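Comments concern the structure below.
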Amino acid sequence: MITTATSFDRRALVAALAMAPVLLGFVPAGAAGTGAGRVTRVSLAADTDIPRGATVDLVRQTMTLAAGEKRHLRGRLEATSTTTGIVGLTQRVRCLNAAGATVPVVAASARNHEGSDTATYAIPGHLPLYADLLLTAPTAGVYTCVLQGTAYSTLSGTYHLTAVAGSTWLEADDTDQAGARWWQNPACESADPTGACTYVGGGPARRDAWVFYDDGTPVHKWQAHPGAATVSARANVELTTCYQGTASCPDEMEAYPRGKNAVVDTRFEFIQLDTTGHTCRTHSTSARRTVTDDAHHSVGYSTLSGIPIDSACGTRTFLMRVYVKHVSGQTVKIDGVQSGITSLTNGIAFNHFP
């Protein structure tokens, strides 16, 4: 189960505050796929309700792939709410084989919808979430990929979220993303019962961390395709605030009451290595991010495009990592893989051919 969200009415804090993944609000990079070539976008045709406690299939695409063929999928779920209270929202991009089994991993992102009267979104009351997935077909066959939405809360009364037609969609590449690679960080369950998650903040938490590098993820050195002219990379990092009383973090990580919020600095790096395995060229993008306790979960989206492969480095080898440094406020959890299959923090590298 990917997240149990916090339910909070502005007039009263409802008991059972939840857990769930969420991260900083990075500005999502381009709607279209990062890889070269054309994409097909299927948009939601009519507004669709997502009732509390329900997971709803919103949009789907079906494709026939050869064994090992790759497709980048990007989903966007834009939701409104019928209540001014806080309702958790999770979106997933899930691909199924002809037998109905999920392959190979589910990409997800989550954030609490802060109510129909929220004025801090680009469109008041409209919360957008994005998720990216690199599908690699394990065998030849037909694959169906689905954009799903889930709503959850402990608010009383009758209410629901609504996926907005047109603004909710699922994109897929039309051609093979040859040589592309997927990164994901280690297991980190929503309630973290085993203490497996990485935290940055005060007290016993780390002050900073490198996602995909020193967080337990095996360090992978990616080889750009011999025929690629340039490369690009993207990373989605999900964070959750650890306020007092949340079910998302252990007690020792909960230093402040709800409302303190968190500020972190992030830097996404894609590094071309030299022949000794050391840095030759570093490509990066940085941001300062605020994660509010009302949002509780927030995802940050970072992209680096049009990266030249420098022949002077002597290799076509690249390293991906994301630096996360606590600045102030709540300790934050860096969300990872839940239930062995659902990835909340992940990255993709792409080749671009002349």
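The values are calculated or read from the model by the stated rules, or taken from the named source; none is laboratory data. Bear in mind the structure is a predicted one, so any value in this text is a computation, not a measurement. Ideal geometry is used to build each Cβ from the backbone, glycine not excepted, and the neighbour counts take in all protein chains shown. When the accessible area is computed, the model is the full protein with side chains, heavy atoms only, and any ligands, DNA or RNA have been set aside. Shrake-Rupley method; radii C 1.70, N 1.55, O 1.52, S 1.80 Å.
Computed over all pairs of different Cα atoms, the Kirkwood value for the hydrodynamic radius of the chain is 20.4 Å. Centre-to-centre separation between the Cα atoms of the range 68-138 and those of the range 150-224: 11 Å. With 5 Å bins beginning at zero, the pair-distance distribution over Cα atoms of the range 36-134 amounts to 2, 11, 19, 23, 18, 12, 8, 5, 2, 0 %. Legend: calculated FRET efficiency, residue 221 to residue 339, from the Cβ-Cβ distance at R0 = 35 Å, rounded to 0.05, equals 0.75. Per-residue 3J(HN,Hα) values for the range 177-185, derived from phi via the Karplus relation 6.51 cos²θ - 1.76 cosθ + 1.60 with θ = phi - 60°, read 8, 4, x, 5, 9, 9, 10, 8, 8 Hz in sequence order (x marks Gly and Pro). Backbone phi angles across the range 231-248, fed through the Karplus curve with coefficients 6.51, -1.76 and 1.60 (θ = phi - 60°), yield HN-Hα couplings of 9, 8, 8, 9, 9, 10, 10, 9, 10, 10, 7, 10, 7, 4, x, 6, 8, 8 Hz in residue order; Gly and Pro are listed as x. Across the chain, C-alpha contacts under 8 Å between residues 6 or more apart give a mean separation that, scaled by the residue count, equals a relative contact order of 26 percent.
The phi torsions of the range 189-195, fed into the Karplus equation with coefficients 6.51, -1.76 and 1.60 and a -60° offset, translate into couplings of 6, 4, 8, 6, x, 9, x Hz, rounded to whole numbers, with Gly and Pro shown as x.
Simple spin-label estimate for residue 285 and residue 165 gives 3.3 nm between the two label positions (7 Å along the Cα-to-Cβ direction from each Cα). Taking all protein chains into account, the per residue accessible area for the chain stands at 37 Å² (1.4 Å probe). Considering only 280, 197, 95, the Gaussian network model of the chain with Cα springs below 10 Å gives its largest mean-square fluctuation to 280. Can you check what the net charge comes to around residue 161, using other residues whose Cβ is under 11 Å from the Cβ of residue 161 (Lys, Arg +1; Asp, Glu -1)? Cβ neighbours under 11 Å give a net charge of -2. Put a plus charge on the Cβ of each Lys and Arg, a minus charge on the Cβ of each Asp and Glu, and nothing anywhere else: the dipole of the chain about its Cα centre is then about 440 debye.
One decimal place: the segment residue 265-residue 117 gains 50.4 nm when fully extended, by the rule 0.36 nm per residue minus the C-alpha distance.
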